[in-house]
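Following: one structure in structure tokens, then a few remarks.
The values are calculated or read from the model by the stated rules, or taken from the named source; none is laboratory data. Just so we're clear, the structure is a prediction, and the values are computed from it rather than from any experiment. In this analysis, Cβ positions are derived from the backbone assuming ideal geometry, glycine residues included, and neighbour counts consider all displayed protein chains. The protein model used for the area step is the full one, side chains on, heavy atoms only, and it has no ligands, DNA or RNA in it. Shrake-Rupley method; radii C 1.70, N 1.55, O 1.52, S 1.80 Å.
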Amino acid sequence: MPAHSSFDYAIVRVVPRVEREEFINAGVILYCLTRRFLDARVELDERRLLALAPDIDVELIRGHLEAIPRLCAGGKAAGPIGQLPQKERFHWLVAPRSTMLQTGPVHSGLCQEPAKALEHLMQRMVRPPSGGEPHR
């Protein structure tokens, strides 16, 4: 049986009107140092987002969300931030911001397989309780 490894994660939030402090969860970023794992999953529930902000530019938000997994993967395609080591990319991604895309506080956990932990967090923290696909 593989040993458990500690990991850190943060929930990605879309905050359409920062001054109102309302948000929807739209993804998870997970970093596991011992497994050299940094990845993110994002899923935008457009119907929920439009309920909070009917006039929001959904494609703009979607584009910014889709950049998060690219930054986690790193490499030249991810630009200057993608050239940083995993740990630094994680800290850059979860740094506090006052923009429409924010992350919640960083939490820790234990897992045997970081990819499965990431999927579990998506199911529990981002997807609607029914477990269905996000509305598009």
Inset, instruction - Please determine, by comparing only the residues of region 58-98 that are of a type in the set (D, E, K, R) and more than 25 Å from Asp45 (Cβ to Cβ), which one is modelled with the lowest pLDDT. - result: Lys76
Legend entry - Of all residues making up region 2-48, the number that are more than 19 Å from Val58 (Cα to Cα), touching a residue at least 60 places away in the same chain (Cβ under 8 Å) and basic (Lys, Arg): 1
Legend entry - Residue check for Arg70: under 18 Å from Ala10 (Cβ atoms) and free of Cβ contacts under 8 Å to residues at least 24 places away in the same chain: yes
Legend entry - Selection within region 1-31 - open to solvent by 70 Å² or more (accessible area, probe 1.4 Å) and within 15 Å of Ala115 (Cβ to Cβ): Pro2, His4
Inset, instruction - Examine region 95-102 for a residue that is touching a Pro at 6+ places or on another chain (Cβ under 7 Å) and under 17 Å from Ser6 (Cα atoms), and state whether such a residue exists. - result: no
Legend entry - In region 1-31, residue farthest from Glu66 (Cα to Cα) [restricted to those that are in contact with a Pro (Cβ under 8 Å, 6 or more places away or on another chain) and not in a loop (DSSP other than H, G, I, E, B)]: Ser5
